[in-house]
Amino acid sequence: MTTIRFILVSFLCVAIGYAQSYRELKGSMETTAGQRIEIRGLSGANVRIIPWEKNEVNVRLELRVESSDKEFESKYDSKIDFSVSPSKNVVNVVVHVEDVDEGGFSFWKLFKRFYWKKDVSGEIYVPKSNPLTSDFKYGTLTLENFDGELNLNGVSNTLTLRRCSAIQTIENNYGKTTIEQSGGNLKLSGSSSTISIADFDGKITADADYSTVTISRAKQGISLNDKSGKIKLEDISGNLSLDGDYSTITVKEVKGFVDLNSTSATIRVYNVEGISVDANYSDVDIIGVSGVAGKRISVKGQSGSLLLEDANGNVRIDNPYSNIELKSVNGNVELQSKSSQIIANVVTGNWDSRTEYCSLKLRNLTAKTISMTNKSDGIELRMLNAPDTINIQNEYGSVSVRMPVGFSGNFELDSEYGNISTNIPLKRKSRSSNEYATGKIGSGNGSIIIETKSGDIEVETE
């Protein structure tokens with residue numbers, strides 16, 4: 001027991017006085033136009049890369065090492081190596097900041113290096129138009145006003161790029177990436193990270209699972225994959241492709257077509273030219289579709305909710321077990337659903353729905369053709385015009401239709417185990433449990449056929 005106490009006391013005493021050292025690392029090498037600059041070996045550093053007009057790479061770093069063991073500190077090694085590839089196409093800059101192996105093992109080594117700290121900071125000057133590649137890790141890197149092709153591969157960095165015109169690849173998992181007023185053909189990887197891109201002139205392809213992604217004022221198309229993330233995309237000039245399972249998604253102001261796929265997400269879309277959504281178990285709000293894209297508005301999902309408002313273009317919806325609301329839609333509607341509540345207000349276009357166990361309330365509908373099938377719930381239809389054709393079949397549910405005068409054609413109303421109410425002069429018949437009404441108004445070729453089983457029929461003109 002005495003020996004253990006001695007070791008602990010000695011251990012703590014060593015920790016009281018830390019050994020510190022300061023070193024400057026400097027070096028330079030001439031380059032030629034077009035040579036790729038590759039910077040390797042920096043980890044945990046705070047570095048600015050500064051473009052300049054010289055054909056030269058110049059490294060100016062400061063190294064501070066603090067250790068509980070003076071002997072360890074004195075053996076800490078640091079140096080810079082410059083080399084040119086055999087083809088002379090690549091200039092390698094390798095920064096070594098590492099300790100020297102003392103060799104052997106002792107019980108004392110387990111304790112004597114219990115504390116050490118390394119700080120590396122400074123600047124690396126590079127030709128502003130040469131291609132640049134690096135493998136920075138666990139550090140802070142800033143680069144501004146760079147014209148050459150840029151490939152930065154690393155992990156857990158705080159990365160800031162401004163006014164870099166040819167960004168190609170960024171790898172920064174578990175880090176923070178900020179890109180401003182830049183361009184290129186960007187391929188970005190950043191899992192479990194924070195990504196912010198603004199004013200980017202070029203295509204963006206990003207894989208960023210479990211990340212917070214914010215992109216604004218992008219001038220070309222975007223392809224983004226992000227699982228379990230928080231996504232905000234705004235003011236995009238170009239098409240947008242987005243996969244975002246288990247994510248919170250906000251998309252605003254897209255001058256292009258939006259193709260969005262997700263599961264168990266919260267989705268808000270505002271002011272786009274066209275959209276297709278495939279999103280099971282998701283709440284989806286789409287407000288503002290201009291229809292400029294010229295494609296059908298498509299929404300597919302289940303067990304969620306859908307709001308489609310202020311939309312221009314033909315619509316196809318396949319969304320069972322959901323609450324569906326349409327407001328101010330200018331286009332034909334095709335809808336399939338099951339066990340849902342469906343509300344539509346101010347729809348201008350033909351209506352075709354195939355539903356089961358759904359409640360349908362359509363108000364302020366302007367359409368030439370209405371076709372509806374349903375089961376086990378009611379249909380309420382309020383028209384702003386006299387249509388050409390209505391064909392409704394509803395099992396175990398009622399049908400109520402009100403429309404302006406002006407229809408010209410044939411009526412056929414058939415209610416099994418129900419009643420018929422109408423202010424239109426039709427011939428009525430009763431057959432066992434059926435009530436039946438037929439007739440023709442005017443000389444037109446229109447057709448209104450409504451059939452129910454165990455449901456009432458109401459048709460009124462106003």
Restricting to Cα pairs below 8 Å that are 6+ residues apart, what does the relative contact order work out to for the chain? Please round to a whole percent.
6
Where nothing but the Cβ of Lys and Arg (+1) and of Asp and Glu (-1) is charged, how large is the charge dipole of the chain around its Cα centre, in debye to the nearest 20?
300
Of the heavy-atom accessible surface of the chain (probe 1.4 angstrom), what whole percent is carbon and sulfur?
44
With point charges of +1 on the Cβ of Lys and Arg and -1 on the Cβ of Asp and Glu, referenced to the Cα centre of the chain, which listed residue (141, 247, 46) lies farthest in the positive direction of the dipole?
46
Towards the positive end of the charge dipole of the chain, with charges on Cβ (+1 Lys, Arg; -1 Asp, Glu), say which of 346, 93, 317 has the farthest Cα.
93
Please state the equivalent ellipsoid semi-axes for the stretch 141-188: what are the square roots of 5 times the Cα gyration tensor eigenvalues, largest first, in whole Å?
16, 11, 8
Projected onto their principal axes, the Cα atoms of the stretch 294-417 stretch, largest extent first, over whole-Å spans of 37, 33, 18
What is the mean projected area of the alpha carbon convex hull for the chain, to one decimal in square nanometres?
34.2
Debye calculation, C-alpha points only, no solvent: report log10 I(q)/I(0) for the stretch 238-281 at q = 0.22, 0.25 Å⁻¹, in the same order as the q values.
-0.65, -0.82
Report the per residue volume, in Å³, of the convex hull enclosing the C-alpha atoms of the stretch 370-422.
77
Any idea of the accessible area per residue across the chain, 1.4 Å probe, to the nearest Å²?
46
For the stretch 255-322, count the residues as N, evaluate 2.2 N^0.38 Å, and divide the Cα radius of gyration by that value, please.
0.99
Please report, in Å, the Rg and the Dmax of the stretch 308-363, where both are computed over Cα atoms only.
10.2, 28
Going by alpha carbons, how many degrees (0 to 90, nearest 10) lie between the helix axis of 2-16 and the longest principal axis of the chain?
80
Averaged across orientations, what area in nm² does the convex hull of the alpha carbons in the stretch 163-297 project?
6.6
So what is the calculated 222 nm ellipticity per residue for the chain, using -39500 (n - 2.57) for each DSSP H run with n of 4 or more, over all residues, to the nearest 500 deg cm²/dmol?
-1500 deg cm²/dmol
Treating only the Cα positions of the stretch 347-386 as identical point scatterers, give the base-10 log of I(q)/I(0) from the Debye formula at each q in 0.18, 0.20, 0.22, 0.27 Å⁻¹.
-0.47, -0.57, -0.67, -0.93
Restricted to the chain, the DSSP antiparallel beta bridge percent, nearest 5, is 20
Residue 398 accessible area, assembled protein chains, probe 1.4 Å, Å²:
60
Which number comes out as Rg/Rh for the stretch 383-462 once both Rg and the Kirkwood Rh are worked out on C-alpha atoms?
0.95
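The values are calculated or read from the model by the stated rules, or taken from the named source; none is laboratory data. It should be emphasised that the depicted structure is a prediction, and the values quoted were computed from it without experimental measurement. Positions of Cβ are backbone-derived with ideal geometry, glycine not excepted, and every protein chain shown enters the neighbour counts. What goes into the accessible areas is simple: the full protein's heavy atoms, side chains included, and nothing from ligands, DNA or RNA. Shrake-Rupley method; radii C 1.70, N 1.55, O 1.52, S 1.80 Å.
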